[in-house]
Ligand code: SF4
């Protein structure tokens, strides 16, 4: 059993992360609030939210990622039509069954019509709780930067009112620095994974990344470091898997067992867009000058390519560049059923990867999908064909 310098074994770290993964009732958040009386916990839907603002208000940022396969939908279906994705149903279900009552407010980023409708539904069902609809910039220039600073300032002001004290520039700069460290650690984790994917399987890596949505960011930083050390020390040997990139799962989460299925089918997932919000901004935000402007500038200037950001330019260029950097041999398009942003982008991304000579395959899931045999056969055949015939 390999242990880190803080004494936790790899098994302990993964058990901790996986417990958080399945903690639909947010007991970790409830525990935090008990030990931090008077402080706020604020939820945010995927993909990106200014978690730094919640932290600067002395609060706990919490990721609301739907119910996965842990929540039975009893009432949530009644609020939405059948031909949309699953995450709004489980979110409403968790709101109605009390799982999310520990949250003092919610942020809904403007990523698609479904989240827009969910935010309206949320405000009707829970009018006593503040809910912010965060409009993302649609122009990535001076106008967009100024607009987005205004949006962040609006939410920051109201977040301060909810917390009972104003968010000072100093506090926000300190919070940005802690999150910059988180971004740097996640980049370090990504480098390790690219170099030795057999030691950093996607199911583990994502459990560790996702844990950051339920614990204080300082603890998450420690967790990432511990995991890197323990996984490096594990001594797991390489096998002849195909290196692939996973694309399209940036919002509704796939079941953890779907990721394990990909591993078992012969794929090393060396890059992905899971929990993209944590890794959306490349590099540091920085703590110089006006911190609201720094956050807005970083978002506008250094966000990764994403289906919900309407940037001019060639779609798929960044995907191909990431695939090349990761020495990926193929692309797995893995989007939630009925996810308009992911599925509308897919043909353009497919065109780009085909032009680049990269093989690809595509399948869909819902967060509560329970059968993986078909995906295993498809991904396994894809991995085998790469190993046997690919020249990518
Ligand atoms: S899964 Fe896709 S369609 Fe559904 S809320 Fe997320 S981005 Fe919107």
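When residue 123 is tested against (1) away from the ligand (no atom under 16 Å from the Cβ); (2) surrounded by fewer than 18 Cβ atoms within 10 Å (Cβ to Cβ); (3) farther than 21 Å from residue 152 by Cα, just one condition goes unmet, and that condition is (3). Selection within region 72-97: residues that are part of a loop (DSSP other than H, G, I, E, B) and under 19 Å from the mean Cα position of the chain (by Cα). The member of this set that is farthest from the ligand (Cβ to nearest atom) is 86.
Here is a yes/no grid of residues against (1) within 16 Å of the ligand (Cβ to nearest atom); (2) modelled with pLDDT of 95 or more; (3) assigned to a loop (DSSP other than H, G, I, E, B); (4) over 14 Å from the mean Cα position of the chain (by Cα):
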| position | (1), (2), (3), (4) |
| --- | --- |
| 183 | no, yes, no, no |
| 192 | no, yes, no, yes |
| 246 | yes, yes, no, no |
| 259 | no, yes, no, yes |
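For region 233-272, residues that are closer than 20 Å to residue 350 by Cβ, surrounded by fewer than 24 Cβ atoms within 10 Å (Cβ to Cβ) and out of contact with any helix residue (DSSP H, G or I) (no Cβ under 8 Å at 6 or more places or on another chain) total 1.
Of all residue pairs spaced 6 or more apart or on separate chains, those with beta-carbon atoms under 7 Å, a first member in region 76-90 that is in contact (Cβ under 8 Å) with a residue 60 or more places away in the chain and a second member that is more than 10 Å from the ligand (Cβ to nearest atom) and in a helix (DSSP H, G or I) are 90/76. Residues in region 327-351 that are crowded, with 20+ Cβ neighbours inside 10 Å and more than 16 Å from the ligand (Cβ to nearest atom): 328, 329, 330, 331, 332.
In the set (1) within 16 Å of the ligand (Cβ to nearest atom); (2) touching a strand residue (DSSP E or B) at 6+ places or on another chain (Cβ under 6 Å); (3) closer than 22 Å to residue 363 by Cα, residue 322 fails one condition alone, (1). Among all residues of region 144-167, there is none that is under 26 Å from residue 339 (Cα atoms), outside any helix (DSSP H, G or I) and either within 16 Å of the ligand (Cβ to nearest atom) or touching a helix residue (DSSP H, G or I) at 6+ places or on another chain (Cβ under 8 Å) (or both).
Being outside any strand (DSSP E or B), farther than 28 Å from residue 54 by Cβ and at pLDDT 95 or above is a property that residue 231 has.
Could you grab me the full set of residues in region 262-277 that are away from the ligand (no atom under 16 Å from the Cβ), in contact with a strand residue (DSSP E or B) (Cβ under 9 Å, 6 or more places away or on another chain) and part of a helix (DSSP H, G or I)? Once the filter is applied, which keeps residues that are away from the ligand (no atom under 16 Å from the Cβ), in contact with a strand residue (DSSP E or B) (Cβ under 9 Å, 6 or more places away or on another chain) and part of a helix (DSSP H, G or I), region 262-277 yields 262, 263.
The values are calculated or read from the model by the stated rules, or taken from the named source; none is laboratory data. All values reported here derive from a predicted model rather than from experimental measurement. When we count neighbours, we look across all protein chains shown, and the Cβ atoms used for this are built from the backbone with ideal geometry, even at glycine.
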